[in-house]
Structures are given as C-alpha cells and as structure tokens.
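A short worksheet on the structure shown next.
The values are calculated or read from the model by the stated rules, or taken from the named source; none is laboratory data. Not measured: the values here are computed from a predicted model. Note that we place each Cβ from the backbone using ideal geometry, even for glycine, and neighbour counts take in every protein chain shown. The accessibility values were calculated without ligands, DNA or RNA, using every heavy atom of the protein model including side chains. Shrake-Rupley method; radii C 1.70, N 1.55, O 1.52, S 1.80 Å.
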Amino acid sequence: MAATSTTSSLGYAWRTLSVVSMASVLTGLGGSAINVALPEIARNTGAGATAAGWILLGYQLTTTVLMVVFGRLADLFGRRRMYLLGLATYTGAALLAGLAPNAWVIVALRVLQAAGAAMLLTNSAALVSDAFPRERLGEGMGVYVASFSIAGLIGPTLGGVLAESLGWRWVFWFNVPIGVICLVWGAVVLRRPPPGRRESGLDAPGSALVLLTLGGLLMALSEFSRLGWQHPVVLGGLAAFVVGLPLFVLRERRAAYPVVDMGLFRERAFAFGTLASFLNAVARMGMVFLVALYFQAVRGDDPVQAGLKVLPLAVAAMIASVASGFLQRLLSARTLAVAGAATTTCGLTVMLAVMSADTPYPAVAAGLVLIGLGSGVFLPSNTTAILDGLPSNRLGIVNAMRLMVQNTGNVVGTGLVLSIITAPLPAALHQSVFAGTLAQLSGEAVGQLVTGYRWALGTMATISVLTVLACLARRKAT
C-alpha cells in the first residue's frame, strides 16, 4: 500500500515538473530570442537607443520588483491560481506585443509580460518542492534548472530565424501556442490546494521602495551615456537610489511581512552566497546580447548568423549544468561554485584579450565556451550551497530572496552593459548600435564601439573576480 502511494506521489511530482519545466522553457525562449532579434525589432519599429534598451530592461526590472510580491500573493490566494494566471498573462501580453505599432508600446507590453513571468518564477521552485518527496527533490530540481539551459540553447537561433524569415512580430507570437498548451496542461495537472489557513500580509511600502530604489539606479545607468552624469534624469535616478536604499532597509527591519528578511543576512554563509549570486549575474547577464549585437553591429551579420554564433555558450552551459549534479558527489557544492566562478572569469578575460573589429570566430567561441562552462557549474552549485540544510519552513523565503537578488544582478548587469558599450560613441549613433547597422556607417564608429566592448568586458571580468572572492569567503564561513 505504501509503495503504491509513493508511486502515485512520484507520478504527480513528475507531471508537476513537466508543467513547470514547459513554462520555464517558454519564458527562457522568449528572453533569449529577443536578445538576438532586438536589432531587427529596433529597425522595424524605429526604436531609439532608450526604447530599445528598455525592451530588455523594463522586463527585467519588473520581474525583479514583483517576484517577492507575487510570492506573498500566492500565499494569500494559492500557488495554482497564481501560476495559471501568470501563464495567461505572459501569453496574452506576447500576443499583443506582436501587434504593437511602435517600440514604446512593446516596452509597456513587455512590462505586462514580466508580471506574468514573475508569477511563474516565484512559484516554480515551490511547486516542485511541494510535489517531490524530500529524498527525490534533487532530481526534480536538476531537471527544472536544465530547462533554462534548453531555452538558452534554442532561443538565440530561434530568435534569429524568426526575425529574419517571418518578421519581428513572430519573435513574440511564437510564445502564444506554447503558452496555451502550458496553460491547459497546468489546469489539468496542478491540484487545487486543500482548504486551510494561509499566511496574510503584504508589505506595500517595501515593494514601492524596491521599485523606487532599483528603478532609480537603473534609470541612471541606462541614461548617463546619452544624457551625461549632470542631467536631471540621471541625477534624479541616483538620488532615488541613495535615498531609497536606507529607507528600504529601515522599513524591512520593522515590517511584519517584509519583502526581504534582513535577519537572514546575519548568517555569513547565506550573505556571501547571495552576494556571489548577485555578482555572477552582473558579470555574465549581458553576454548573449553583447555577443549577438557584436556580430550584427560590428561584423554586419544577420540575426540568424549572430544567433548561431552564440550557441557555444548555451551548449557548454547545458552540459555543465547536467554534469554539476554528478560532480557534487565528488566535491562540495561550495567548492564547485568557486571553480565555476573562476572559469567564468577566465572566459571573460579571454574575450577581453581577443576583442577587436576582426577577431577570429574560434577565439570568440573559446571565450564563450569557458563562460558557459563556468555559469553552468556555478548556478546549480551555488543554489545548492545556499539552500542545503535549510528547514522546510525557511526554504520558500530563502529561495524567493535568492531569486530577487539574482534578478537584481541581471537588471544591474544589463544596465551596465547597455551603458558602457555605447559610452565612447556620439549620442547620435546609439540608435545605429541597437539597430545593428553601425557596421554600414564608418570604420571610426565601429572602432569606438569596439572600445566600448573592451570597457564592458573589463568591467564584467573585474566583477567576476569579486564573485570568486565572495565564494571563497563563503567557504570559510561556518
């Protein structure tokens, strides 16, 4: 009887994992496809540099801000309901984005799509954790993490093919049939929770301060190269960050239901682990976009060619992600996290050393492979190191905070990359960079962009070194 019950429980667990993994592939494909297709979208919608940048940044900022908020709402209204609403929102926004008349409407719909993604991301790991027996949870989490690697592998090429052959609108529309299938399958598979007492309370002031603080920082980072550090928009963004950060910390210490549980940072292992997660995200986040844009804006490739040329990173990351689970039988997760961060640093250093207007592709591919291997080992190992040994009643909040910190790193990293690569160029040429047409203008402009790439890669490599140091400090924490 017990064996039958266990088999039934595992059957439901794997069905739940299939829903979560399909949705993860959906959101991952959407993001990585747009990274490659952005120049095509910018050309056909007349997007300026600011609008093109915010097609990426608006999505990431919104996801980061809303993630913990929707985690709390899931406690109030149920994970199944929130997850299905997220799928519907994400799919509907993708349909409308393909109909958008201009770039700023796309930005608004990407913000709506990000709200749906936040509902999915904040509940995915919790659904898997609830469904799997504790002794089999590692298997489920391994497949769940691998689903993002699959999306990273397929997405860049898919984005290039769709933008080149069917037009930029299909970069959004391909999400719709997949989203509908996920929604129907989720409605069939996911069980309704039993009635019972749910936690209550939502820290609205804390959530507003997250938006003010991160939004201000991101605005300053994205606009300083175009407007200059003394422009009121840039100064206002920096002021919002400087003022908002201490207010946020004070608010979270007193809130009954904080967005971020500040007490967790007193644990050195958690503090250094989340710091490493943040720094790693900043260092590697913009890499696919950076390289895809390099081949289009500097080398004059079309979106399909650019998408194919970034594949080594995704392939290496997928292989390393799968291998990391087996490697953890031989080495500790903390040791593997150090090795992964160090490998990523080596890859960024290689990219910096070979970067020029006519870098041979094998040299670029070698750097991408190292970055992919490092990221593939670091992400699951660092996550395991953060979550391992936690009691079940703390697993949810710690995972939500980990995701929030990691996504904050994604936002900051993308903002840095977008700002730094265009900094050496006149403001009038920024739009040509994001449209991928700079290679058609002048050799001098291409040289200036390559200088921006060197600055960006140098910054990313430095931050990656700090990631290694944070991992080493975590290893020494007891």
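Values computed for the structure shown
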item: Enumeration of residues in the stretch 77-87 that are among the aliphatic types (A, V, I, L, M) and more than 12 Å from L26 (Cβ to Cβ); result: M82, L84, L85
item: Condition met for V304 (over 30 Å from R334 (Cα atoms) and open to solvent by 20 Å² or more (accessible area, probe 1.4 Å)); result: yes
item: Residues of the stretch 70-85 that turn out to be part of a helix (DSSP H, G or I), open to solvent by less than 20 Å² (accessible area, probe 1.4 Å) and in contact (Cβ under 8 Å) with a residue 60 or more places away in the chain, as a count; result: 2
item: Candidates R266, R299, R253, filtered to the one that is open to solvent by 20 Å² or more (accessible area, probe 1.4 Å), over 20 Å from G340 (Cβ atoms), touching a helix residue (DSSP H, G or I) at 6+ places or on another chain (Cβ under 6 Å) and of a type in the set (K, R); result: R253
item: Filter pass, G236 being part of a helix (DSSP H, G or I) and free of Cβ contacts under 8 Å to residues at least 12 places away in the same chain; result: no
item: Search result, residues across the stretch 89-118 that are part of a helix (DSSP H, G or I) and either in contact with an Asp or Glu (Cβ under 7 Å, 6 or more places away or on another chain) or more than 22 Å from N407 (Cα to Cα) (or both); result: G92, L95, L96, A97, A103, W104, V105
item: Selection within the stretch 87-99 - free of Cβ contacts under 8 Å to residues at least 60 places away in the same chain and open to solvent by less than 10 Å² (accessible area, probe 1.4 Å); result: A93
item: Any chance L17 is open to solvent by less than 10 Å² (accessible area, probe 1.4 Å), at pLDDT below 85 and in a helix (DSSP H, G or I); result: no
item: Among the candidates V310, V364, V338, residue that is of a type in the set (V, I, T) and surrounded by fewer than 24 Cβ atoms within 10 Å (Cβ to Cβ); result: V364
item: All helices (runs of 4 or more DSSP H) inside the stretch 264-312 with 2 or more residues being over 20 Å from P156 (Cα atoms); result: 268-284
item: Enumerated helices (runs of 4 or more DSSP H) restricted to the stretch 323-441, each holding at least 1 residues that are among the aromatic types (F, W, Y) and modelled with pLDDT of 75 or more; result: 361-387
item: Residue match in the stretch 28-45 (condition: in contact with a His (Cβ under 6 Å, 6 or more places away or on another chain), crowded, with 19+ Cβ neighbours inside 10 Å, in contact (Cβ under 8 Å) with a residue 12 or more places away in the chain and not basic (K, R)); result: no
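Quick grid of which residues meet (1) modelled with pLDDT under 85; (2) hydroxyl-bearing (S, T, Y); (3) open to solvent by less than 60 Å² (accessible area, probe 1.4 Å):
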residue: A187; (1), (2), (3): no, no, yes
residue: R191; (1), (2), (3): yes, no, no
residue: G201; (1), (2), (3): yes, no, yes
residue: V210; (1), (2), (3): yes, no, yes
residue: L221; (1), (2), (3): yes, no, yes
residue: S225; (1), (2), (3): yes, yes, yes
residue: P232; (1), (2), (3): no, no, no
residue: A240; (1), (2), (3): no, no, yes
residue: L245; (1), (2), (3): no, no, no
